[in-house]
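Structure below; questions to follow.
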Amino acid sequence: MEYFIIMNLCAGGNNGQKIWPQIKEQLKAAHASYQVVFTEYTGHAVLLTQQLLSRIDATHVTDAVIIAAGGDGTLHETLLGCKRYYHDHASDQQVPIAFLPVGSGNDFARAVKLPRHWQQALNNILACKQATMINVGHYIDLDNQIDGFFTNNFGIGFDATVVHLANHSSLKHHRFWGKFSYIASILNVIINFKSFQADIQLDSNQQLTFKKTFLLTTTNIPYFGGGIDIVPDASVLDPNLDLVIVEKPSLWQLILFISMLFLKRHLRLKFIHHFNQKQLVVHTQDDRLGQIDGEELGERTYHIKFDTVKYPFWIGHN
Ligand SMILES: Nc1ncnc2c1ncn2[C@@H]1O[C@H](COP(=O)(O)OP(=O)(O)OP(=O)(O)O)[C@@H](O)[C@H]1O
């Protein structure tokens, strides 16, 4: 195999920087043939992926695998780069994506049961013999007709606000206090968050309105926020997406929600709504923050159509 690595040295609070020399050693010891490019800014992996695919095509490499080495954000951009490239080269065979998790959240790695330690994950990639087709989230922004993809989730409201606060905390990259900054951000959001109206259209064309939405997450995998099991049964092998809407909870409802979350029974609560759908349209009425695979989308109203598409992944054992 010929491995094309997209390496984010900043992932996991510069964890990538620390372990890149060891990754190189392991690749050398395995006599793996590889090329590497390094991301330099947010969004760069999209362009790097397109350039790599163009190079793979031009040099007629037939056994290429693209390794996204970073966190969920790097994987997200790599998928977007692949999808954009094949949009313009529809007849080409799609190069599979492998994921080497060196980020902080790594929810996708959890979801597809990759080894959590990068060394074992790299061994898995090197031992893998064939790609697995999985479903990834696809959306069309109905306000501007731009589309995009996500491996994990697209959230509006609470989760996006936590992502925003954690990203802008001065303690984000501190090894110890970074975790506390995340918890402090969550408490801050819970206390101050203003609910918003969301209108939903389901597969059956049924329209639903939730006037006091607190959290609205469309998810392709069980986890968000670094291991929170929001839809325990969600699977990348399920062509449907899951939508979870939590209405603004009172204090006791919040305590109940958190307790039930630990027991993975929170979806039974009456202020939580769960839908498993082939297609969804979400229309929010008030400006709120959005997030996609842990990357910020900005504060606005959202009018989004969701479904899934397939892409080959180099994950071995699913
Ligand atoms: N050289 C760079 N300098 C600054 N930012 C970068 C660089 N390369 C990539 N980025 C950005 O770093 C951000 C975080 O990357 P990523 O999500 O992969 O890691 P993470 O946040 O540590 O992991 P996770 O999302 O799993 O918690 C992304 O927005 C990415 O585009």
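The values are calculated or read from the model by the stated rules, or taken from the named source; none is laboratory data. Please read all numbers here as calculations on a predicted model, not as lab measurements. Note that each Cβ is placed from the backbone with ideal geometry, even for glycine, and that neighbours are counted across all protein chains shown.
Condition first: surrounded by fewer than 24 Cβ atoms within 10 Å (Cβ to Cβ), of a type outside the set (F, W, Y) and in a helix (DSSP H, G or I). Now tell me which residues in the range 83-107 satisfy that.
Matches in the range 83-107: K83, R84, H87, D88.
For the range 34-77, name all the residues that are more than 17 Å from W20 (Cβ to Cβ) and either of a type in the set (S, T, Y) or not assigned by TED's automatic domain parsing to the domain that holds V102 (or both).
Hits for the range 34-77 are Y41, T42, T49, S54, T59, T62.
Hey, another quick one. What's the number of the condition Q145 fails, among (1) within 16 Å of the ligand (Cβ to nearest atom); (2) without any contact (Cβ under 8 Å) to a residue 40 or more places away in the chain?
(1)
Working only within the range 1-52, note down all residues that are among the aliphatic types (A, V, I, L, M), under 25 Å from H89 (Cβ atoms) and within 22 Å of the chain's Cα centre (by Cα).
I5, I6, M7, V37, A45, V46, L47, L48, L52
Now a separate question. List pairs: first residue in the range 58-75 and in contact (Cβ under 8 Å) with a residue 60 or more places away in the chain, second residue charged (D, E, K, R) anywhere in the structure, Cβ distance under 7 angstrom, at least six positions apart or on different chains.
D63/E2; A64/E2; D72/D107; D72/D293; G73/D293; G73/E295
Kindly provide the set of residues from the range 200-234 that are polar (S, T, N, Q) and either without any contact (Cβ under 8 Å) to a residue 40 or more places away in the chain or more than 26 Å from W314 (Cβ to Cβ) (or both), ordered by number.
Q201, S204, N205, Q206, Q207, T209, T213, T217
What is the one condition in (1) surrounded by fewer than 16 Cβ atoms within 10 Å (Cβ to Cβ); (2) at pLDDT below 95 that D63 does not satisfy?
Among (1) surrounded by fewer than 16 Cβ atoms within 10 Å (Cβ to Cβ); (2) at pLDDT below 95, D63 violates only (2).
Per-residue answers, yes or no, for (1) under 15 Å from F313 (Cβ atoms); (2) more than 10 Å from the ligand (Cβ to nearest atom):
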| site | (1), (2) |
| --- | --- |
| T39 | no, no |
| H89 | no, yes |
| I97 | yes, yes |
| A121 | yes, yes |
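Quick check on this structure: which one of G12, G16 is under 26 Å from A166 (Cβ atoms), near the ligand (Cβ under 9 Å from one of its atoms), in a helix (DSSP H, G or I) and touching a Cys at 6+ places or on another chain (Cβ under 8 Å)?
Residue meeting the stated conditions: G16.
Looking at the range 196-227, which of its residues are loosely packed, with under 13 Cβ neighbours inside 10 Å and assigned to a strand (DSSP E or B)?
Q207, L208, T209, K211
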